[in-house]
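The next block holds one structure in the form of structure tokens; read it before the comments.
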Amino acid sequence: VALYRSFPTRLLSRTWGRLNGVELPTWLRKPVFSLYIWTFGVNMQEAAVEDLHHYRNLGEFFRRRLKPAVRPLCASSCLISPADGKILHFGRVKNSEVEQVKGVTYSLEHFLGPQKGRGNDPSSFRDSLLSSPDHDLFHVVVYLAPGDYHCFHSPTDWKVELRRHFPGSLMSVNPGVARLVKELFCLNERVALTGQWQHGFFSLTAVGATNVGSIRVYFDQELQTNAPRYSKGSFHDYSYVGGGVVLQKGEAVGEFNLGSTIVLLFEAPKDFSFKLQPGQPIRVGEGLGSV
């Protein structure tokens, strides 16, 4: 694990990003993309543009859009999946520790960073996020594989008040690696969007991974990820003026440049129930749970 953590994953990811932007000759596009489709099980029938010659480089192919009708939104659930992928873990947050995968936890405070106007005692950090004693804190982790649709969407109607960017490592977030590297989600580069929904605190965090140095948020042109230099343990805050950014359920929020992970942390009434199974595949718009 120590040897793996010493690999120059940020440099490798920037190099891969440049390769992704290299324009392929028209005659080479179909064989290259067909090999990728076969390797990772991509369903091109869902793509807005099925013609492989349309995609000039690997980056455009990774970030392909879908046909509007293929991801209907679940009307009966107040919370929907923000991404295509696999459910790694979900449940209540206990003792300010969150499960990365079964049996491996990370610190909630380390993951989100200090909250303005809230207590910083780790034992009470979870409670400090809650607006009501009748509420609890919940989490969901969605892992995006390389063959998945790489855009992520708003899981509910909410208002984003703060963007916090944590520069960091870019280790793989594959479940096998997540079992080995404790606090992997806290070590990797990530972008945390925090704000409020109908039940109180809400956050969506896009976690970077190897070859996913680029995390893009559509409404935030100031965000620049995977810079060549950064201070270890640092983070950068950006507050959205004018009361925050209002997002609608299902609205496109951003994109990765390969597979990665989305972590939702949110406040809800204690009777909130998930309708999920660990390891199940999930798609944008499918219900995660309800009150």
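Observations
- Cβ-Cβ under 6 Å pairs, at least 6 apart or on other chains, the stretch 242-254 side touching a residue at least 40 places away in the same chain (Cβ under 8 Å), far side outside any strand (DSSP E or B) and open to solvent by 70 Å² or more (accessible area, probe 1.4 Å): 248/157; 249/157; 250/73
- The stretch 232-241, residues that are of a type in the set (Gly, Ala, Ser) and either surrounded by 14 or more Cβ atoms within 10 Å (Cβ to Cβ) or free of Cβ contacts under 8 Å to residues at least 12 places away in the same chain (or both): 233
- Among all residues of the stretch 145-154, there is at least one that is at pLDDT 95 or above, crowded, with 22+ Cβ neighbours inside 10 Å, not in a loop (DSSP other than H, G, I, E, B) and not aromatic (Phe, Trp, Tyr).
- Here residue 96 fulfils each of the conditions (1) modelled with pLDDT under 95; (2) on the phi < 0 side of the Ramachandran plot apart from (2).
- Among residues of the stretch 250-279, those that are over 25 Å from residue 146 (Cα atoms) and in contact with an Asp or Glu (Cβ under 8 Å, 6 or more places away or on another chain), counted: 5
- Among the criteria (1) touching a residue at least 60 places away in the same chain (Cβ under 8 Å); (2) within 14 Å of residue 285 (Cα to Cα); (3) surrounded by 14 or more Cβ atoms within 10 Å (Cβ to Cβ), the one residue 72 does not fulfil is (3).
- Among the residues of the stretch 75-103, the one identified as open to solvent by 30 Å² or more (accessible area, probe 1.4 Å), polar (S, T, N, Q) and in contact (Cβ under 8 Å) with a residue 40 or more places away in the chain is 76.
- Just so you know, in the stretch 165-185 the residues that are in contact with a strand residue (DSSP E or B) (Cβ under 7 Å, 6 or more places away or on another chain) and open to solvent by 10 Å² or more (accessible area, probe 1.4 Å) include one that is nearest to residue 280 (Cα to Cα), and it is 175.
- Residue ID - modelled with the lowest pLDDT, chosen from residues in the stretch 155-186 that are outside any strand (DSSP E or B) and of a type in the set (Ser, Thr, Tyr): 172
- When the stretch 242-291 is filtered for residues that are outside any strand (DSSP E or B), open to solvent by less than 30 Å² (accessible area, probe 1.4 Å) and hydrophobic (A, V, I, L, M, F, W, C), the ones remaining, listed by number, are 258, 272, 276, 284.
- Pairing each residue of the stretch 44-66 that is under 18 Å from residue 145 (Cβ atoms) and of a type in the set (A, V, I, L, M) with any residue that is open to solvent by less than 30 Å² (accessible area, probe 1.4 Å) and part of a loop (DSSP other than H, G, I, E, B), provided the two are 6+ apart or on different chains, yields C-beta distances under 7 Å for 47/64; 66/149.
- Any hit, the stretch 125-136, residues being within 27 Å of residue 286 (Cβ to Cβ) and either under 13 Å from the mean Cα position of the chain (by Cα) or open to solvent by less than 10 Å² (accessible area, probe 1.4 Å) (or both): yes
The values are calculated or read from the model by the stated rules, or taken from the named source; none is laboratory data. These figures come from a predicted structure and were not determined experimentally. Cβ sites come from the backbone with ideal geometry, for glycine too, and all protein chains shown count toward neighbours. Protein only, heavy atoms only, side chains kept; ligands, DNA and RNA dropped before computing areas. Shrake-Rupley method; radii C 1.70, N 1.55, O 1.52, S 1.80 Å.
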